[in-house]
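Worksheet for the structure shown next.
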Amino acid sequence: MAVSKRLAFLIALGIPLVLLTHWNSGAFFWLLVCLLVWLFDVIAAPSPRHLAITRSLPHTLRQRTETPYTVSVKNPTKRKFRAQIRDAWPPSLQALPRQQRLTLDAQSSTTLQASFTPQRKGTLRSDAVTVRSYGPLGLGARQFSAPIVQEVKVLPEFRSAKYLPSRLKTLRRLEGNSLVMQRGQGSEFDSLREYVPGDDVRDIEWHSSARLRTPVVKTWRPERDRNVIICLDSSRSAAVRLDKYPRLDASMEAALLLGALAGSAGDRVHLIAFDNQIRFHIQPDRGVGLITEMAQALADLQVSLTEANWSGLSHTLLSGLRQRSLVVILTGLEGGAERSGLMPMVEALSSRHHVLVANSLDPELTRLAQLPGQWNLNDAKQSLSRFNPVDAFLAAAAMAELNEHEEAGNLLPLLGGHLLNATPEKLPPNLADAYISLKRRGQI
């Protein structure tokens, strides 16, 4: 049972009765009358258990994107319902409106419109749908929570999808310009054309030349079906907050954009998420369903506050890959990275694969490394008055951290790897541009 605001107004009407009369038992009598009227109204309310409630939910949701859904309510009884419905979902889903009022005639039904705007990714479950059925006077209600347990999966936001059309256009233009190439190791046959002076005689197709009675040569194009292995670090370094979002979100955005681009180029895309163990390994796939499969896997990926197992990842990659591949490691270079297991892994992989370490920088470090009051040797007193010791210590710590990042970045090329530094917003497009650049140079 439940009460409504009308009951409070009814009780307030008895205040003059208590103040203007000398009836000692007036307040008690008025409260008793209100209680009896409320009890009668609750008994007269139809039971909400008779309502049939169903939800129509989308299969998946996109993080921070509004998605509509419906709640259908059917009244199979011969009584009229005046009800209030509250659909209970986790607060991060932001299901709106939170409560809805409806009036249902006998043996009728209605459909209520609502929407999700999820703020967190993952698989989320509903609790129940709570219905309050009000009596004729609207003073009280009978309440029932229908245990309608359903779940929805919230996929990553994929904000970097806006960069995909321009990069696909660049990639197609690059492939169009590279169709006719000299024969080389690992090249792929494309078509035949007539021989022109200067062509390599080893490319002449003798059977076709004899049939056509004119020399024709083979043309070649860059080899497709290359392996692109995206390794996503979900260890404790991924929990660092960069501006609005954790580092893991920036890495996922970059992984989705690179996966979409490489899949469109015809390459085989792997996705490995790891921390102290391999969380999942999506095997090579291509086509329209690739991004959906990647997003489904990333939806339930959470940060693990453990150290990354670089030796385990190295063993997985070296034992499972025979063809030369592009290995992209999405992580965060921290102080002492040159002493971590990342460097030995890069050294072991670089002899057989092209290794690219994509580091998402903390923009706050760059800001803190700049002293707010620059020293002016001509006016030392004025500079000293603006000097803040707290800012100086923060700037020194930030510069020390950036210096360690630079040392790790200088070590990577010596071990055969390559480093890409970018802020969280710039990391996805910069990684896509690096992939296109490698394609242009024929390195993958």
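Values computed for the structure shown
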quantity: Those residues of the stretch 389-444 which are of a type in the set (Val, Ile, Thr) and either in a helix (DSSP H, G or I) or more than 26 Å from the chain's Cα centre (by Cα) (or both), in sequence order; calculated: 390, 436, 444
quantity: Cross-chain or 6+ apart pairs with Cβ under 8 Å, the stretch 417-435 first and under 21 Å from residue 343 (Cα atoms), then surrounded by 20 or more Cβ atoms within 10 Å (Cβ to Cβ) and among the β-branched types (Val, Ile, Thr); calculated: 417/346; 417/355; 417/357; 418/355; 418/357; 419/357; 420/357; 431/328
quantity: Number of the condition not met by residue 45 [criteria: (1) under 21 Å from residue 143 (Cβ atoms); (2) touching a residue at least 40 places away in the same chain (Cβ under 8 Å); (3) open to solvent by 70 Å² or more (accessible area, probe 1.4 Å)]; calculated: (3)
quantity: Total residues in the stretch 29-72, condition more than 25 Å from residue 101 (Cα to Cα) and out of contact with any Pro (no Cβ under 6 Å at 6 or more places or on another chain); calculated: 11
quantity: Failed condition for residue 22, given (1) of a type outside the set (Gly, Ala, Ser); (2) modelled with pLDDT under 85; (3) open to solvent by 90 Å² or more (accessible area, probe 1.4 Å); (4) under 30 Å from residue 106 (Cα atoms); calculated: (4)
quantity: Positions within the stretch 32-42 being open to solvent by 70 Å² or more (accessible area, probe 1.4 Å) and either in contact with a Cys (Cβ under 7 Å, 6 or more places away or on another chain) or within 10 Å of residue 11 (Cβ to Cβ) (or both), in sequence order; calculated: 35
quantity: Candidate set from the stretch 404-444 (those that are in contact with a helix residue (DSSP H, G or I) (Cβ under 8 Å, 6 or more places away or on another chain) and hydroxyl-bearing (Ser, Thr, Tyr)); member that is surrounded by the fewest Cβ atoms within 10 Å (Cβ to Cβ); calculated: 423
quantity: Count of residues meeting criterion [within 19 Å of residue 92 (Cα to Cα) and surrounded by 15 or more Cβ atoms within 10 Å (Cβ to Cβ)] in the stretch 61-77; calculated: 6
quantity: Scan of the stretch 331-362 for residues that are assigned to a helix (DSSP H, G or I) and at pLDDT 85 or above, ordered by number; calculated: 342, 343, 344, 345, 346, 347, 348, 349, 350
quantity: Filtered residues of the stretch 278-296 (kept if open to solvent by 10 Å² or more (accessible area, probe 1.4 Å) and either of a type in the set (Gly, Ala, Ser) or outside any helix (DSSP H, G or I) (or both)); calculated: 278, 279, 280, 281, 282, 283, 284, 285, 286, 287, 288, 289
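Yes/no per residue for (1) within 20 Å of residue 1 (Cβ to Cβ); (2) of a type in the set (A, V, I, L, M, F, W, C); (3) modelled with pLDDT of 90 or more:
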{"position": "28", "(1), (2), (3)": "no, yes, no"}
{"position": "32", "(1), (2), (3)": "yes, yes, no"}
{"position": "51", "(1), (2), (3)": "yes, yes, yes"}
{"position": "74", "(1), (2), (3)": "no, no, yes"}
{"position": "103", "(1), (2), (3)": "no, no, yes"}
{"position": "110", "(1), (2), (3)": "no, no, yes"}
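Yes/no matrix, rows are residues, columns are (1) over 16 Å from the mean Cα position of the chain (by Cα); (2) open to solvent by less than 10 Å² (accessible area, probe 1.4 Å); (3) of a type in the set (D, E, K, R); (4) modelled with pLDDT of 90 or more:
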site: 192; (1), (2), (3), (4): yes, no, no, no
site: 197; (1), (2), (3), (4): yes, no, no, no
site: 200; (1), (2), (3), (4): yes, no, yes, no
site: 242; (1), (2), (3), (4): no, yes, no, no
site: 245; (1), (2), (3), (4): no, no, no, no
site: 256; (1), (2), (3), (4): no, yes, no, yes
site: 265; (1), (2), (3), (4): yes, yes, no, no
site: 276; (1), (2), (3), (4): yes, no, no, yes
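The values are calculated or read from the model by the stated rules, or taken from the named source; none is laboratory data. Quick caveat: nothing in here was measured; it's all calculated off a predicted structure. Using ideal geometry, Cβ is built from the backbone for each residue, glycine included, and neighbour counts are taken over all protein chains shown. In case anyone asks, the SASA skips ligands and DNA or RNA and just uses the protein heavy atoms, side chains included. Shrake-Rupley method; radii C 1.70, N 1.55, O 1.52, S 1.80 Å.
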